[in-house]
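Every number here is computed from the coordinates shown, using simple stated rules; none is lab data. Computed from a prediction, not measured in an experiment: that's the story for all the values here.
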Amino acid sequence: MSYPLIEYSPAKLDSAIKNVATVHHRTVKMTAKKLCFFGDTNKVIILDLHSETWVIKTINKPNYEFLYYAAAVTLPNGDALITGGGSSTTVFQFITQKSDLVQKKSMN
């Protein structure tokens, strides 16, 4: 199975987001204020709210794959929990400080 190649421009993305919305995060009590966007196969787009910079990371781990339409939620420590995607029942924790992906217990 092949997927379309999606190339991101952090500068264009930053400009587009700023034209659409503002993130009011100064009152949120989190240790690592980052927003993570998932959806392209094994890619994470990270917005660091402190420095207002974008980073695109590719997770290269054999047999670890999160796919399109995965659901993600930010944890209080700034990490993200990623579930599903495609027909997957796999659960991952994305550790933002290390840009690392750790497989958790399956949803089955």
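Based on the convex hull around the alpha carbon atoms, the range 49-108 presents an average projected area of 4.7 nm². Using the Karplus relation 6.51 cos²θ - 1.76 cosθ + 1.60 with θ = phi - 60°, the per-residue 3J(HN,Hα) values for the range 43-59 come to 10, 10, 9, 10, 9, 7, 6, 6, 8, 6, 10, 9, 9, 10, 10, 10, 8 Hz, with x marking Gly and Pro.
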